Amino acid sequence: MKQGAHLSMIRSFHLADWLTLGNASCGVGALFSVMTYLQTPDVRHLLFACALVALAFVFDILDGRVARWRQQTSALGQELDSLADVISFGVAPAAIAYGIGMDGLWDRVILLYFVACGVSRLARYNVTAATLSQGSDKVKYFEGTPIPSSLLLVIVIAIAAGYGAIGNNLWLGMIHIGPWQLHPLVLMFAVSGTLMISRTLHIPKL
């Protein structure tokens with residue numbers, strides 16, 4: 001690859017990298033759908049956002065398998081994967097939660113915590129992957145739950161939206177802690193974030 005060649009970075013992308021970009025695109029699309037829902041309260045936009053996160057999960061699985069199948073893993077691909085995962089499984093689920101009604105100030109604090117945990121977990125994975133792989137080309141286990149596990153939270157939200165549990169009708173209701181509101185359902189994001197940054201929880205990587 002010639003230094004300074006036009007679009008040289010794009011031409012250097014492997015098939016797995018394009019799948020990773022598909023992951024990121026789904027995450028951004030989910031954010032757009034949430035914003036559309038907030039402008040035009042049509043629950044279909046919220047459900048579409050959830051579906052895009054699920055599609056991002058499919059891309060996330062495929063990019064790793066394609067990279068191993070074609071033996072085209074790279075540091076660039078690893079960084080692309082982490083950045084895409086931050087969008088699709090960190091920021092997008094938090095935005096979907098906010099859109100469905102977890103919009104109290106305590107809710108926002110917890111959603112920020114969740115995203116921060118996801119970013120921290122991915123950064124830790126990137127710097128420890130060589131150690132965790134134990135000399136092979138594949139990591140044996142995850143420390144803490146992988147960030148794509150947030151798809152489970154999105155599924156819960158999609159089910160709630162399907163049953164009309166949106167806004168004031170959100171499952172588990174709303175409580176006041178001091179001057180601020182908290183929707184107890186948001187605590188599942190606190191649990192998920194905490195599990196992601198756990199160092200003692202080892203999840204075998206298939």
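Only the coordinates and a few stated rules stand behind these numbers; no lab work does. Nothing here was measured: the structure is a model prediction, and the numbers come from that model. Positions of Cβ are backbone-derived with ideal geometry, glycine not excepted, and every protein chain shown enters the neighbour counts.
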Quiz item: If r is the Cβ-Cβ distance from Trp171 to Ala116 and R0 is 35 Å, what FRET efficiency results, to the nearest 0.05?
Solution: 0.90
Quiz prompt | Peptides 151-163, 47-59, 192-204, 92-104 ordered by average Cβ neighbours within 10 Å, highest first | solution = 92-104, 47-59, 151-163, 192-204
Quiz item: Using θ = phi - 60° and the Karplus curve 6.51 cos²θ - 1.76 cosθ + 1.60, what whole-Hz ³J(HN,Hα) does each residue of the stretch 21-34 get, with Gly and Pro shown as x?
Solution: 5, x, 4, 4, 5, 5, x, 5, x, 5, 4, 4, 5, 5
Exercise. Compute the projected area of the convex hull of the Cα atoms of the stretch 161-206, averaged over all viewing directions, and report it in nm² to one decimal place.
Key: 5.5
Quiz item: Which value in nm describes the separation of the simple spin-label points at Arg199 and Thr128, placed 7 Å from the Cα toward the beta carbon?
Solution: 0.7
Quiz item: Given a Förster radius of 25 Å and the C-beta distance between Leu83 and Ile155 as r, what FRET efficiency does 1/(1 + (r/R0)^6) yield to the nearest 0.05?
Solution: 0.60
